């Protein structure tokens, strides 16, 4: 799962599980409505819960199918995947799900085309659009500066193209099912993250140098079976608006919320992983890539503007998602870094915490049930040259009222100009 993902909650997993455990028994349904890299959803699965998970980013659906809907390595049709070539595995039969089989396939995924793969249409979209040598990678910025995109080295862009060409063909020819497609794509996304010439998000790239990690050859690793263990009867949303997704989630013990707290639109910041996730389903790749725009090269048909990223709508959107949810309790994580309420240049000012404490004491919750648990951690910095800062992460917990009604007076937080 992606590590360089803004708001990744890997460092907070144990504290979040400790918050959920008194509220939900193993087997209960827990909803992760802003699942992102699905780190929390996978941890909930490992702890024995059923999970309803969703995020507007399609990459989240890929990771959720890969690690929630699989409980072990799924079977592979080795002859079909290898174009009829004999597999290295000596196991009798075509349906193979051993580590050795998966190791061979992920190694094959980025290998040079073989004569056995004559039916595959070999594309070069990532080479063309997202590396300097690509014929269509030129851009003109809003400030009038011209250049070429350099998200990847030429060699790694070509390797990504080979992997995507294979996955697209296998999927559209019914050689792999959804579980295999997403597991292969998830492993590819992990490899891409380690070799992308970015420093946190895909909204931009260094204009005059390559990150040392980006210069290493792309490598796809065998799926981590430890992440799959457990039940597989989970509910997975596919890039839905979470305000709508919660409407169809049945009664659940806990609604876990980790919404965006500032202006960042995550579909722009992670558009490239979303393209990788979407690639097998795009009918006309030529038309799709002909419409990429801006320095970063995003097709804006994929963009989504979240009301949680707008300071004036944040609290009302938070209230709406909780009111629509059939949950018994709400657990929400919040960190006091750069957000709607402060720039964090001179340290946190506590305004966000005060607004949220007021919200969790509103009439949609049972009086006296609000708790706020502080957790100290280091904040990941997206751009080079900065030192990680200590921030306070807060976990809010409250019991939803049985017959909640909308608050008459909504909080309208003041926005600091430096926050945007």
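For segment 237-251 and segment 109-153, compute the distance between their C-alpha centroids and round to whole Å.
The two parts, judged by their Cα centres, are 35 Å apart.
Need one number: % antiparallel among DSSP beta bridges in the chain, to the nearest 5.
Rounded to the nearest five, the antiparallel share is 65 percent.
Tell me the Rg and the Dmax, in Å, that the Cα atoms of segment 170-274 produce.
Reported Rg and Dmax, both Å: 17.5, 52.
Relative contact order for segment 285-370 using alpha-carbon pairs under 8 Å, separation at least 6, rounded to a whole percent? Before the final figure, lay out the partial values.
Working: 44 pairs, mean separation 11.0, N = 86.
Rounded, it is 13 percent for segment 285-370.
Calculate how steeply helix 351-360 sits against the longest principal axis of the alpha-carbon atoms of the chain, using the helix alpha-carbon long axis, and give the answer as 0 to 90 degrees to the nearest 10.
Value to nearest ten degrees: 80.
Output the 0 to 90 degree angle, nearest 10, between the alpha-carbon long axis of helix 178-195 and the longest principal axis computed from the alpha carbons of the chain.
Tilt of helix 178-195: around 90 degrees.
Could you calculate the FRET efficiency of residue 405 with residue 154 from 1/(1 + (r/R0)^6), where r is the beta carbon distance between them and R0 is 56 Å, rounded to 0.05?
0.40
At 37 °C and 0.692 mPa s, what whole-number value in µm²/s does Stokes-Einstein give for the translational diffusion of segment 1-160, with Rh from the Kirkwood sum over Cα pairs?
Working: Rh = 19.4 Å.
Once the numbers are plugged in, D ends up at 169 µm²/s.
Between residue 194 and residue 14, what is the spin-label point distance in nm, taking each point 7 Å from the Cα along the Cα→C-beta axis?
Between residue 194 and residue 14, the simple spin-label model gives 2.6 nm.
With a bin width of 10 angstrom, please list the P(r) values of segment 258-333 as percents of all Cα-Cα pairs, from the 0 bin to the one holding the largest distance.
Per 10 Å bin, starting at zero, the Cα-Cα P(r) for segment 258-333 comes out as 16, 36, 26, 19, 3 percent.
Below 8 Å, C-alpha to C-alpha, sequence gap of six or more: please give me the relative contact order for segment 4-153 in percent.
Numbers: 157 pairs, mean separation 18.5, N = 150.
Averaging sequence separation for qualifying contacts and normalising by length gives 12 percent for segment 4-153.
Quick one, what does Rg over Rh come out to for segment 125-192 if you take C-alpha atoms and the Kirkwood Rh?
Numbers: Rg = 14.9 Å, Rh = 13.3 Å.
Checking Rg against Rh, the ratio lands at 1.12.
Distance in nm between label sites at residue 219 and residue 371, each 7 Å beyond Cα in the beta-carbon direction?
Here the answer is 4.3 nm between the modelled labels.
If one takes the longest principal axis of the Cα atoms in the chain, at what angle in degrees, from 0 to 90 and to the nearest 10, does the Cα axis of helix 99-109 lie?
80 degrees
Using label points projected 7 Å from each Cα along Cα→Cβ, tell me how many nm separate residue 290 and residue 313, to one decimal.
Here the modelled spin labels are 3.2 nm apart.
Please give the length that would be gained between residue 301 and residue 46 if that part of the chain were fully extended, namely 0.36 nm times their separation in residues minus their C-alpha to C-alpha distance (nm, one decimal).
Separation in residues times 0.36 nm, less the Cα-Cα distance, equals 88.2 nm.
Using Cα pairs under 8 angstrom and six or more residues apart, how large is the relative contact order of the chain, in percent? Spell out each step's value before the answer.
Numbers: 780 pairs, mean separation 77.1, N = 420.
Once divided by the residue count of the chain, the mean separation gives 18 percent.
A short reminder: the numbers here are calculations on the coordinates, not readings from a lab. Treat the numbers as computed from the prediction; the structure is a model and nothing was measured. So basically every Cβ, Gly included, is an ideal-geometry build from the backbone, and we count neighbours across all protein chains shown.
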